[in-house]
Amino acid sequence: MSAVTPSVTSIVTAFAPFTPADPLTPKVSEGESEMFVCPWSATLRCLPLVSFNHITREVKDLRASEHFYCSLLGFRRIARPELSVEGVWVFHDQASISVHLLQGNPPPRRWSEDGPLENRDHVNFLTPDINLVEVILRQRGTFYHKVVRNSIGIVQVFVADPDGNVIEIGSCAPPPDEIVCAR
């Protein structure tokens, strides 16, 4: 199976700037389903997204990364089609999310001796038991960085995968449009 390479035109089109006032944005017609009406406009349609599916991480060592995601975070390897880049796909049944690990050159590390570098990209998972997360990390000898943010009612534990990609495990997430976790 060969990979399909998009034409230059489709790449340029795919990355064309978007503005909410774009006259080409499809309008909601009278009687049409309002399921995907944008919350900020009663007349414009948003893309019909229903869930978050996966993230992709470029990694130096596929086997080490697969072991990390599966043995520590509880993912399992899943089927992956033949693509132009070597990789492994893993899935977490309870969180219903996939991580696509691709052989490549990961970006520079986002981690220092003191923990994750502030304001860098990361992935967040929620846990119902942050204390158990810490117990397991200590038992496994996995370095982690803990942050307690009393002002918003959250405890965050940060770990790094073998390529330094930061993973946050949080005790909660504030509801949309709020800045404090529900108590």
Packing rank of 85-94, 160-169, 62-71, where each peptide gets the mean count of other beta carbons within 10 Å, highest leading: 160-169, 62-71, 85-94
Theoretical FRET efficiency, 1/(1+(r/R0)^6), r = Cβ-Cβ of Val135 and Asp177, R0 25 Å, to 0.05: 0.15
Exposure proxy order (Cβ contacts within 10 Å, fewest to most) of Arg57, Arg149: Arg149, Arg57
Spin-label pair Ala95/Arg76, simplified geometry with 7 Å Cα→Cβ offset, distance in nm: 1.6 nm
Length gained when the stretch Asn105-Lys60 is fully extended (0.36 nm per residue, less Cα-Cα span): 15.6 nm
Computed P(r) (all Cα pairs; region 51-106; 10 Å bins; percent): 25, 58, 16
Net charge over other residues, Cβ less than 13 angstrom from the Cβ of Val135 (K, R count +1; D, E count -1): +1
Loop sites in region 140-182: chymotrypsin sites (Phe, Trp or Tyr not before Pro), DSSP, at most 14 other Cβ within 10 Å: Phe143
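Throughout, read-outs are computed from the coordinates displayed, never taken from laboratory work. Nothing here was measured: the structure is a model prediction, and the numbers come from that model. Positions of Cβ are generated from backbone atoms using ideal geometry, with glycine treated the same way; all protein chains shown enter the neighbour counts.
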